[in-house]
Every structure is written in C-alpha cells, then in structure tokens.
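Okay, structure first, notes after.
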C-alpha cells in the first residue's frame with residue numbers, strides 16, 4: 001500500500017508514543033487508533049507544541065498542556081501535580097476524561113450507537129459536555145459545537161487512516 005505523506009508522517013508520530021497510547025487506551029477500553037488520532041489532533045504527537053516535540057510543551061496560546069492539550073484553566077488540580085510531566089500520566093488523564101464523557105453520555109442517551117457514542121465522547125473532549133448533550137437532544141451532529149465543527153469526525157477518519165496504514169501497530173506494542 002502506498003501511503004500519502006501526511007499519513008506516513010502521522011504513523012511515525014503515533015509510533016513514537018505507542019507504549020503510552022496502548023497502555024492508557026486499554027485501561028478504559030478505548031480503541032488505541034482513536035486515542036492516537038486524538039493525540040494527533042491535539043498536539044500532532046508533540047510536533048505542534050512549544051517547544052516543539054516536548055511532551056510538556058504548550059499549545060492553544062499557552063492554555064493547553066502536553067500531548068493531549070489538557071486545558072490549564074479547567075484542570076488546575078492536574079496542572080499542580082508533578083506527575084503531569086510524564087507522558088503516560090497525561091495519557092491516562094486524557095483517557096479518564098474520555099471515559100467520564102462516555103459514561104455521562106450513556107446515562108443521558110442509553111441507546112446511542114457505538115460509533116455515534118464515540119464521536120460524541122470525542123466532541124465532549126473538545127467542547128463542554130452540556131453543549132454536546134444539547135446538540136444530541138436536538139438531533140444534531142455534536143461536531144457543530146466543536147472547534148472547526150469537525151472534531152469528532154476528524155478523529156474518527158484519522159483513526160481509520162492509521163488503522164489502514166498500520167493495522168498491527170498496537171498489536172506489536174503488546175509484545
């Protein structure tokens with residue numbers, strides 16, 4: 001399979017963090033390809049941070065921290081911890097946020113289909129959960145309340161591109 005340059009670059013960026021992506025996503029039963037795509041959206045695997053490639057770098061005009069761009073304004077307890085400097089701790093924290101979003105959405109929408117639930121859970125990582133719920137209540141795509149109005153769908157598409165390019169990427173990480 002011939003990969004386009006962007007996908008090849010994204011696979012390389014994800015592979016750099018394969019251990020943390022695999023470990024944290026397994027703990028909350030999240031597809032590691034989806035989790036890798038979330039990291040790529042948030043920080044480009046570190047390439048979009050300041051300083052570049054520093055897993056403790058900043059983004060979003062200095063408001064967001066690390067590989068998963070944890071917002072300093074809303075996660076002050078995490079930001080006060082020394083453990084935040086470890087990429088695996090950042091990944092576990094991001095996964096915990098996703099898991100809480102998933103549980104809250106399932107309580108509100110118990111019949112939400114898996115793919116739609118995952119997309120809504122991702123949207124709530126980017127936008128306030130109440131806005132995602134409001135969009136779902138109105139029958140709208142929850143992406144309408146996210147940055148770029150494509151956050152969840154972008155991550156889902158990127159996850160599929162990663163999976164197509166390197167289907168055994170995370171299986172190899174378990175060895």
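With a 10 Å Cβ neighbour count serving as the proxy for reagent exposure, in which order, fewest first, do 118, 23, 147 appear?
147, 23, 118
Let me know the shape class of region 94-139, please: from the alpha-carbon gyration tensor, a ≥ b ≥ c as square roots of the eigenvalues, rounded when a/c is under 1.5, otherwise prolate if a/b is greater than b/c, or oblate.
Note, shape of region 94-139 comes out oblate.
Does region 1-74 come out rounded, prolate or oblate by the C-alpha gyration tensor, with a ≥ b ≥ c the root eigenvalues, rounded set by a/c under 1.5 and, if not, prolate when a/b is larger than b/c and oblate if not?
The shape class here is oblate.
Counting only the backbone N, which residues of region 98-135 are under 19 Å from the spot 7 Å out from the Cα of residue 61 toward its beta-carbon?
The answer is 126-128.
Using helices alone, I'd like the mean residue ellipticity at 222 nm for the chain: each DSSP H run of four-plus residues gives -39500 (n - 2.57), total over residue count, nearest 500.
-18000 deg cm²/dmol, from helical runs alone.
Classify region 56-109 from the C-alpha gyration tensor, please: rounded if a/c falls under 1.5, else prolate or oblate depending on whether a/b exceeds b/c.
Prolate shape, in that a/c is at least 1.5 and a/b is the bigger ratio.
Say we join alpha carbon atoms closer than 10 Å with springs in a Gaussian network model of the chain; which of 126, 22, 150 then has the biggest fluctuation?
Comparing 126, 22, 150 in a Gaussian network model of the chain, the most mobile one is 150.
For region 100-175, what are Rg and Dmax over the alpha carbons, in angstrom?
13.9, 45
Residue 79 versus residue 137, label points 7 Å from Cα toward the beta carbon: distance in nm?
2.9
Of 80, 100, 92, which is the most mobile in a GNM of the chain whose springs link Cα atoms less than 10 angstrom apart?
Sorting by GNM fluctuation, first place goes to 80.
Apply 1/(1 + (r/R0)^6) to the Cβ-Cβ distance of residue 23 and residue 116, taking R0 = 22 Å, and write down the FRET efficiency to the nearest 0.05.
So the FRET efficiency works out to roughly 0.25.
Would you mind calculating the gained length between residue 109 and residue 157 on full extension (0.36 nm times residue separation, minus the Cα-Cα distance), in nm to one decimal?
Extra length from residue 109 to residue 157 when fully extended: 14.9 nm.
Have a look at 39, 121, 79 and tell me which one the Gaussian network model of the chain (Cα, springs below 10 Å) gives the largest fluctuation.
So, out of 39, 121, 79, the one fluctuating most is 79.
Which of 93, 151, 74 has the fewest other C-beta atoms within 10 Å, and how do the rest follow up to the most?
74, 93, 151
Computed from the coordinates by the stated procedures, all read-outs in this text should not be read as laboratory data. Just so it is clear, the model here is predicted, and its values are computed rather than measured. Reconstructed Cβ throughout: ideal geometry from the backbone, glycine too, with neighbour counts over all protein chains shown.
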